[in-house]
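Inspection log for the structure reproduced underneath, given as structure tokens.
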Amino acid sequence: MERLSCTRHFLKCCMYILVSGLSVCSTLKLTVPAPVIHGIKGQPIILPVSYEVNQSASSVQIIWLLERSQAQARYLITSINQLVMPDLELQHKLTLNPPNASLLINSLHLSDEGTYIVKVNLKGNTTVSATQKIDVTVDVPVSKPIVQTEPSYGAVEHVGNITFKCFVMKGTRVMYEWLKNGIPLQDRSGYIFSPNNATFTIVSVTKGDIGNYSCLARNFISEVESDVITPTIYYGPYGLRVISDKGLKVGEVFTIDIGESVRFDCSADSNPPNTCAWMQRSNNSTEIINYGPYFKFLSDKVRQKTVDYLCRAYNNITGRGEEMQFTVIITPIDAEKLSQDTGSLSPLAAITGVSLFIILSICLLFVWKKYQLHRAIHWKIQSRRSSCLQTLPDPERPSTEYRRTPIFSGHEDAINDFGIYEFVSLPDSSIHRVPGQASNVLHLQDINCTIYEVIQHVPEQIQNDSQS
């Protein structure tokens, strides 16, 4: 209706200008940054307004009004050019600086909520006006929310329900949001939320509902999260098992040695912790032997080689129980293990001692062999030198004597293989003594020494004859 009224007013203005002979029609436009502004109680707030006009105005009038629901609009302040006239009850509360049309409220109260109306009138050749509205809310920041659960002692799995309640001591127009482990909760089967989310209920709780819950309280001007709360949910037992600190386990069978003391532990996932009972089965009968999460088994005090046991876990709150049967087989003590237990010398020390003895023996044997080898080589060289220093072989000596010389393969004694070797040529019947030479001179092939040694020991007479 107001927009329609302004349009009609604008048309009347244009018709008036046309009748009076003017060729330009004036316009006025008011601008506000947002239709709604959220204020904080006790804090100042400014209602910004700007306007433009395409001709100079001789007079500017600004009027502010406050309109509440089911009540008439209330006059707040007005100005004509530079003259400001506030409502006397509000003269210390409101500030207006014309020609700026923005209004400053120095301190907000809850009663200041409502719709603020601003009207600007410009007077030139004619008078034009424009109007805008701004909705103002006044809120109190939320305090840290508090979370409570009902029942406070917890609930039994698949039986009980848990209700969470969130509230704040201060705050207006509070909205609530629930988080589990820091993640917002999504509506699902088993969750029931109140209209404003201040409460929510888990119907028929389960172990999976265990977690850290928190409440997020917010309004238009603030947001605060509560401390986490973990509800108590009773469940179990689940996953019952029996373990031991010794022995070999294969499935539900434990194998231990005679004389060993073994501790068996019975555990299961349960809240509260289980009550455990240990029983022994024999001859279709069951006998309780111990209470508690574990018991000590002494193999040397058991007559049978195979014993059947039973661990029974029971949750006193949920009324549920679970049991597990296992078998213990007693075997003779391992000989290797017995030697380890009774021996005074550790295996590492024994191995070290034997290794040192072997290394020392090898070193001594190497030194002795080296010494014997040196002696053998020295003796062989001396022997060969003495043999070569003897007179040259007699040509009258039958060749059969040479052939009777023992031949060694070189492998009868490895030590005797070392020495100086030579090639021996036996005299042939086709070779005769050379006339005119000394009777003790033979052909070079008949010498039973190396060439080097022959040259060293040829008589002087042979050397002279050779030179001539």
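The values are calculated or read from the model by the stated rules, or taken from the named source; none is laboratory data. For clarity, every value in this text was computed on a predicted model and none was experimentally measured. Cβ: placed from backbone, ideal geometry, glycine included. Neighbour counts: every protein chain shown. Note: accessible area is taken over every heavy atom of the protein model, side chains too, but ligands, DNA and RNA are not part of it. Shrake-Rupley method; radii C 1.70, N 1.55, O 1.52, S 1.80 Å.
Count of segment 142-156 residues, restricted to those that are part of a loop (DSSP other than H, G, I, E, B), surrounded by fewer than 18 Cβ atoms within 10 Å (Cβ to Cβ) and either of a type in the set (S, T, N, Q) or more than 38 Å from the chain's Cα centre (by Cα) (or both), is 2. Within segment 216-241, the set of residues being among the hydroxyl-bearing types (Ser, Thr, Tyr) and open to solvent by less than 20 Å² (accessible area, probe 1.4 Å) comprises just one member, Ser226. Within segment 159-194, if we keep just the residues that are in contact with a Ser or Thr (Cβ under 7 Å, 6 or more places away or on another chain) and aliphatic (A, V, I, L, M), the residue that is most open to solvent (accessible area, probe 1.4 Å) turns out to be Met169. Taking the conditions (1) out of contact with any Cys (no Cβ under 7 Å at 6 or more places or on another chain); (2) under 22 Å from Gly247 (Cα atoms) in turn, Glu322 satisfies each one other than (2). I'd like to check something: does segment 111-130 contain any residue that is within 18 Å of Asn196 (Cβ to Cβ) and out of contact with any Cys (no Cβ under 8 Å at 6 or more places or on another chain)? For segment 111-130, residues within 18 Å of Asn196 (Cβ to Cβ) and out of contact with any Cys (no Cβ under 8 Å at 6 or more places or on another chain): absent. Residue by residue through segment 216-273, note down the ones that are over 30 Å from Val205 (Cβ atoms) and in contact with a Pro (Cβ under 8 Å, 6 or more places away or on another chain). Scanning segment 216-273 gives Asn219, Ile221, Ser222, Asp257, Ile258. Aliphatic (A, V, I, L, M), touching a Phe, Trp or Tyr at 6+ places or on another chain (Cβ under 7 Å) and in a loop (DSSP other than H, G, I, E, B) - does that describe any residue in segment 309-319? Checked against the condition, which is being aliphatic (A, V, I, L, M), touching a Phe, Trp or Tyr at 6+ places or on another chain (Cβ under 7 Å) and in a loop (DSSP other than H, G, I, E, B), segment 309-319 yields at least one hit.
One residue alone among Gly259, Gly251, Gly182, Gly247 is of a type outside the set (D, E, K, R) and closer than 26 Å to Ile146 by Cβ, and that residue is Gly182. On inspection, Lys165 does not qualify as in a loop (DSSP other than H, G, I, E, B) and in contact (Cβ under 8 Å) with a residue 12 or more places away in the chain. Scanning segment 278-322 for residues that are of a type in the set (Asp, Glu), within 43 Å of the chain's Cα centre (by Cα) and modelled with pLDDT under 90 turns up just one, Asp308.
Sort out which residues of segment 265-316 are out of contact with any strand residue (DSSP E or B) (no Cβ under 7 Å at 6 or more places or on another chain) and either hydrophobic (A, V, I, L, M, F, W, C) or on the phi > 0 side of the Ramachandran plot (or both), and write them in order of number. Of everything in segment 265-316, those that are out of contact with any strand residue (DSSP E or B) (no Cβ under 7 Å at 6 or more places or on another chain) and either hydrophobic (A, V, I, L, M, F, W, C) or on the phi > 0 side of the Ramachandran plot (or both) turn out to be Asn283, Asn284. Selection of segment 28-49 for residues being open to solvent by 60 Å² or more (accessible area, probe 1.4 Å), in a strand (DSSP E or B) and over 12 Å from Val136 (Cα atoms) yields Lys29, Thr31.
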